[in-house]
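Note sheet for the following structure.
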Amino acid sequence: MLSSFLIALREGVEAALVVGIVLVYLNRTGRATLVRWVWGGVLAAVVSSLAVAIALERWKVSEDGFEGLMLLVAAVFVVTMIVWMNRVARHLKKEIEQRVENYAGKGNFSAGLGLATFVFLMVVREGAELALILRAVELSSEGLAVWIGTSLGLCVAIAVGWFFFQGTLKISLGKFFSATSTILILVAVQLGLTGVHELSEAMWLPSSRVEMAYIGPIVRNEVFFFTVILGAAALLALREWLAARSRSTDGVSDAAERRRLEWERRKQRRWAFASAFTCTAVILILAAEFAYTRVTATTEARSIQADGSVVRIPLSEVSDSNLHIYSVDASGTSVRFLVIRKPNGSWGTALDACLICGTAGYRQDGSNVVCRNCASAIYIPTIGEAGGCNPVGVPYRAENGALVIDVPALAEARSRVSH
């Protein structure tokens, strides 16, 4: 449950924060008529997520390739969002003075459609991935825990976006634009780099171990991006909390008006503090997860002896859904291979190596197996299938309570790994 909570939190918090930024911007600039387009994009993304996951699974479309394209398109939309927001901000004073009450017409429709598309892409790319993870889990005690953890993670992510919206609703536009532009630029950089990484991992772009080794650490340490993004949001909310605290109502002579202003100030301070607190809490959670995974990342290979031309592994030894790594001597060469039980009850058997990153190996991270070189998250049900950074599959058979793997098959698979 903890793993699914962290996955849902990590996947959802960025989209929730960006949606919060858009909503604050629309409310502060008097463009509340466009808010319905934002919620329309969110609703369409939620409905589409499961459909996208089913389509990817049914038509065998590369999930990594699809996600890579979505990430790059989303990065383009984030950049256009920054340009649009700042362009409108330059003319905001004039528009307010003219009290433009109706933005109907082509301009309003185009802006609304762009907002809806932008929000749709930000949400659906995360929703489809979560849907794929959840579809792989059977309705069992373990499956129920995954659903509970995912729901809690999404609730916290939504809370981050909502608290940010409420906590920064009254902030001055100058401060708002300076902080949120930084946040959105970081989001665009992260989306772009991760998109290139996913397309390379799916082999839709030419890739090599050297290239993946450069991009991989950046993607692998994506917690850095989240920390900076959430840190900027927390500082913005904290600054508003301190500013609201220092505001004085002594100059207001009317007692009723003074009470109303004091009540609004207290409410704004509460929302600002809640926003800063939730952002800081998420930073601490992600930092703790980052530190924990680095400490527990090492998986030692267990050396086993071949029984003639085969290796035999008791089923009871690999029935716990954990990643098991073994090494065996094949014609004088030590070959590392992995075994993991899939959610459907079958086993994934493959080399502890892939055709792109070579023998860098893998580690387990919740419901994924992660490449140590490029940080590609390998969807456990696909282990053994060809493509991208998936470990090179080797066939197995079940006999007399044991997994049986031919040593010549391991040697042949290892010969295809060039480094």
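The values are calculated or read from the model by the stated rules, or taken from the named source; none is laboratory data. These figures come from a predicted structure and were not determined experimentally. Cβ sites come from the backbone with ideal geometry, for glycine too, and all protein chains shown count toward neighbours. In case anyone asks, the SASA skips ligands and DNA or RNA and just uses the protein heavy atoms, side chains included. Shrake-Rupley method; radii C 1.70, N 1.55, O 1.52, S 1.80 Å.
Does any residue in segment 386-406 that is in contact (Cβ under 8 Å) with a residue 24 or more places away in the chain and β-branched (Val, Ile, Thr) come within less than 9 Å, Cβ to Cβ, of a residue that is open to solvent by 60 Å² or more (accessible area, probe 1.4 Å) and in a loop (DSSP other than H, G, I, E, B) six or more places away or on a different chain, and which pairs are these?
VAL392/LEU355; VAL392/ALA386; VAL392/ARG416; VAL404/TYR396; ILE405/PRO395; ILE405/TYR396
Can you find, within segment 387-406, the residue that is modelled with the lowest pLDDT among those that are open to solvent by 10 Å² or more (accessible area, probe 1.4 Å) and within 24 Å of the chain's Cα centre (by Cα)?
GLY387
It is to be established whether one or more residues within segment 312-319 are among the hydroxyl-bearing types (Ser, Thr, Tyr) and buried (at least 19 other Cβ atoms within 10 Å of the Cβ).
Going residue by residue through segment 312-319, those that are among the hydroxyl-bearing types (Ser, Thr, Tyr) are 316, 319.
Among the residues that remain, those that are also buried (at least 19 other Cβ atoms within 10 Å of the Cβ) are: none.
Within segment 312-319, none of the residues are among the hydroxyl-bearing types (Ser, Thr, Tyr) and buried (at least 19 other Cβ atoms within 10 Å of the Cβ).
May I ask you to verify whether ARG372 is in contact (Cβ under 8 Å) with a residue 12 or more places away in the chain and within 26 Å of LEU199 (Cα to Cα)?
Answer is yes for this residue.
List every residue pair whose Cβ atoms lie under 7 Å apart, where the two residues are 6 or more positions apart in sequence or sit on different chains, the first residue falls within segment 247-265 and is open to solvent by 70 Å² or more (accessible area, probe 1.4 Å), and the second residue, located anywhere, is outside any loop (DSSP other than H, G, I, E, B) and at pLDDT 75 or above.
Between residues of segment 247-265 that are open to solvent by 70 Å² or more (accessible area, probe 1.4 Å) and residues that are outside any loop (DSSP other than H, G, I, E, B) and at pLDDT 75 or above, the close pairs are ARG247/ARG265.
With the structure loaded, tell me whether ASN373 is part of a loop (DSSP other than H, G, I, E, B), among the polar types (S, T, N, Q) and modelled with pLDDT of 85 or more or whether it fails that test.
The answer is no for ASN373.
Looking at segment 229-246, which of the residues that are at pLDDT below 75 and open to solvent by 50 Å² or more (accessible area, probe 1.4 Å) is nearest to VAL282 (Cα to Cα)?
ARG245
Is it true that some residue in segment 362-370 is in contact with a Gly (Cβ under 9 Å, 6 or more places away or on another chain), over 13 Å from LEU403 (Cα atoms), open to solvent by 50 Å² or more (accessible area, probe 1.4 Å) and at pLDDT 80 or above?
no
When residues of segment 266-278 are filtered for being closer than 16 Å to ALA233 by Cβ and surrounded by fewer than 22 Cβ atoms within 10 Å (Cβ to Cβ), how many remain?
Number of matching residues: 3.
Taking into account only those residues within segment 324-344 that are assigned to a loop (DSSP other than H, G, I, E, B), open to solvent by less than 70 Å² (accessible area, probe 1.4 Å) and touching a helix residue (DSSP H, G or I) at 6+ places or on another chain (Cβ under 9 Å), which is farthest from ASN400 (Cα to Cα)? Reasoning before the result, please.
Step one: of segment 324-344, the residues assigned to a loop (DSSP other than H, G, I, E, B) are 331-332, 342-344.
Then keep just the ones that are open to solvent by less than 70 Å² (accessible area, probe 1.4 Å); that gives 332, 342-343.
Now drop any that are not touching a helix residue (DSSP H, G or I) at 6+ places or on another chain (Cβ under 9 Å), which leaves 342-343.
On the way: LYS342: 20, PRO343: 22 Å.
The selected residue is PRO343.
Take the residues in segment 407-416 that are under 37 Å from the mean Cα position of the chain (by Cα) and touching a residue at least 40 places away in the same chain (Cβ under 8 Å); name whichever of them is most open to solvent (accessible area, probe 1.4 Å).
Looking at residues that are under 37 Å from the mean Cα position of the chain (by Cα) and touching a residue at least 40 places away in the same chain (Cβ under 8 Å), I get ARG416.
Within the bounds of segment 280-294, is there any residue that is more than 25 Å from the chain's Cα centre (by Cα) and either modelled with pLDDT under 75 or closer than 28 Å to LEU152 by Cα (or both)?
There is no residue in segment 280-294 that is more than 25 Å from the chain's Cα centre (by Cα) and either modelled with pLDDT under 75 or closer than 28 Å to LEU152 by Cα (or both).
Can you tell me which residue is least open to solvent (accessible area, probe 1.4 Å) among those in segment 43-64 that are at pLDDT 70 or above and of a type outside the set (A, V, I, L, M, F, W, C)?
Among them, the one singled out is SER49.
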